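The values are calculated or read from the model by the stated rules, or taken from the named source; none is laboratory data. Please read all numbers here as calculations on a predicted model, not as lab measurements. For neighbour counting, all protein chains shown are included, and Cβ atoms are generated from backbone atoms with ideal geometry for every residue, glycine included. Each accessible area value is taken on the protein alone, full model and side chains, heavy atoms only, with ligands, DNA and RNA left out. Shrake-Rupley method; radii C 1.70, N 1.55, O 1.52, S 1.80 Å.
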Amino acid sequence: VLVESLVVFAIVLSVHGVVWDRFSWCALALALQAFYVQFKWDRLLQAGGAVFQFRGAANSGLLPASMVIPLLGIVMKERCRAAGIVYFERFGVVVASTGMLLALFLSVLAVGITKPVPTNTCILTGMAGSVIIYTMKHSLAVSEVIEVLEVLLIFVYLSMILLYLLPRCFTPGEALLVLGGVSFVLNQLIKRSLNVVEGKGDPIDFFLLVAVVGVVLLGLFFTVLFIFMDSGTWISSMFFHMMTAVLGLGVIMPWLYRLIHRNPLLWLLHFLFQTQTRLYLLVYWTLLAASACGVVFYQNAKRSSESKKHQASTVTRKYFHFIVVATYVPGLIYDRQLLYVAAVLCLAVFIFLEYMRYFRIKPFGQTLRHLLSLFLDERDSGPLILTHIYLLLGMSLPVWLFPRSCAPKGTLSGAGALVPYSGVLAVGVGDTIASVFGSTMGEIKWPGTKKTFEGTMTAIFAQIIAVALILIFDSSVNLNSSYAWILASVSLVSLLEAYTTQIDNLLLPLYLQIMLMA
């Protein structure tokens, strides 16, 4: 935990060494108090004194999670300020302020339920909160303050509902990242739905917002419904499929129509088949999806009846990382907008299939349970299987969060040109190579972890080679001699991978994106 915290502090100081403004003091104060409160959360988890059941075999992860959203907002604000885009500069300020307030709320919650009340931590949290609130008072307009408070309110209610319904699925830090992100998306969708201006806004952004909110609402609806009826019967399954169609066609489609002012299905079909390049990419991705399914069926066929407890090896699970890299790299090079939309569709399909598995919806629910049980690891300790969804999110978030409006030529300058590749580098290349080489050839272990020195070094080396290959094949990337910063960013994120017990598929791409955008 100490080394993980040191790496996070190094990233925070590196970012603010380049980007220093009034929010830098807030970020440093937040990091310092999160470091102290993190140990309170850890003690609560070990003693079973937390309000909800969190994922075991991991620390709270409060510090690394607390800094992601604030740092992302700060670097986004600076990039858009440099480009002269005032609207998105203010949006970055709102993102940073929201992230700080959510992290502060989680810290106050831990301090409040710790008995006896930790006096020193309370004082430190109060001082950090005072700095953050004072800065927000002098940086945000009234409408922006209301927006931040709306996200906090949604986060509180969403946390109470989902953490109760989904025990042992998240650590406190992962809950902050996932539920904080969903809360922000829901607030943005409500805000944009109430202030629709025809011709303003990119349809693919609206598509992302509606898809995320739609699948979350769908899950909440069926969770409540199946409290009162058995979800494993054919009648319940038929009702599930019928209500999915009703909610999709009767709520989600009209909502999207209101935002983009055209038929969503016709727009999507026109978008997907607009060019010949897109058609080739879709055929190629279909073949890769079929190969991924083939790996699942082949590994399950190898499982004999005598070894029902057999689990897939680390190397086997990394096959999917290689397939995902092969999926994303051509999309990033040839058509990023298509990759953006395809990733949204894939996320919706993944979550829908997880609903079918979780609720045992016929005809595929029980089959999915059997097939996916082979690939479970210690992080899937709750009722949901989320590792494959986290892998998709880790690869997609740098694409979705890339500030296109602040990049006039479609790419940022310097190391920022690699931002869309953050998921590919951190998870697809770095995490995969570290895991494969560390588990097969590693001998020197990092103190206090199962990760090896050899795995981390090969991960750094592999990511540098991957950057060189990106420079060769993607003509839009121009690093402007920022090689030392890229090496430092890759090294810090690889070291974080060695020491964190959080979901690395989600955390590492976001930190690499922050470093590259700075």
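Observations, loosely collected:
- Residue-averaged [θ]222 nm for the chain, counting only DSSP H segments that reach four residues, each worth -39500 (n - 2.57): -24500 deg cm²/dmol
- Selection from ILE161, VAL216, TRP234, by position along the positive dipole direction of the range 157-243 (Cβ): ILE161
- Ordering LEU339, TYR355, HIS370 by the projection of their Cα atoms onto the charge dipole of the range 316-472, which places +1 on the Cβ of Lys and Arg and -1 on the Cβ of Asp and Glu, puts TYR355 at the extreme positive end.
- Among [x] 27.0; [y] 23.9; [z] 28.9, the entry derived from the coordinates for Kirkwood radius over Cα pairs in Å: [y]
- Charge dipole magnitude, Cβ of K and R +1, D and E -1 - the chain, Cα centre, debye nearest 20: 520 debye
- Within the same chain, aspartates and glutamates fewer than 8 places from LYS77 are excluded, and of the rest, those with a Cα less than 15 Å from its Cα are ASP21, GLU89, GLU144.
- Overall form of the range 405-518 per C-alpha gyration tensor (a/c, 1.5; a/b vs b/c): prolate
- Amide H contacts of LYS445 (H built 1.01 Å from N, under 5 Å, at least 5 apart or other chain): PHE453
- Percent carbon-and-sulfur accessible area, the range 467-518, ignoring ligands, DNA and RNA, probe 1.4 Å: 67 percent
- Alpha carbon centroid spacing (whole Å) that separates the range 369-432 from the range 34-101: 18 Å
- For the chain, accessible area per residue (1.4 Å probe, heavy atoms of protein chains only), Å²: 45 Å²
- Amide H partners (placed H, <5 Å) of ASN59, local residues excluded: THR501
- Computed over protein heavy atoms with a 1.4 Å probe, the carbon and sulfur contribution to the accessible area of the range 317-449 reaches 66%.
- Kirkwood-Stokes translational diffusion coefficient of the range 1-82, alpha-carbon pairs, 20 °C, 1.002 mPa s, µm²/s: 155 µm²/s
- Listed residue pairs exceeding 28 Å between alpha carbons, taken from LYS137/LYS191; LYS137/LYS409; LYS318/LYS445; LYS40/LYS191; LYS191/LYS318: LYS137/LYS409; LYS40/LYS191; LYS191/LYS318
- Mean Cβ count within 10 Å, highest first, over the residues of peptides 66-78, 239-251, 433-445: 66-78, 433-445, 239-251
- In the range 1-79, the portion of solvent-accessible area held by carbon and sulfur atoms comes to 64 percent [1.4 Å probe, whole percent, DNA, RNA and ligands not counted].
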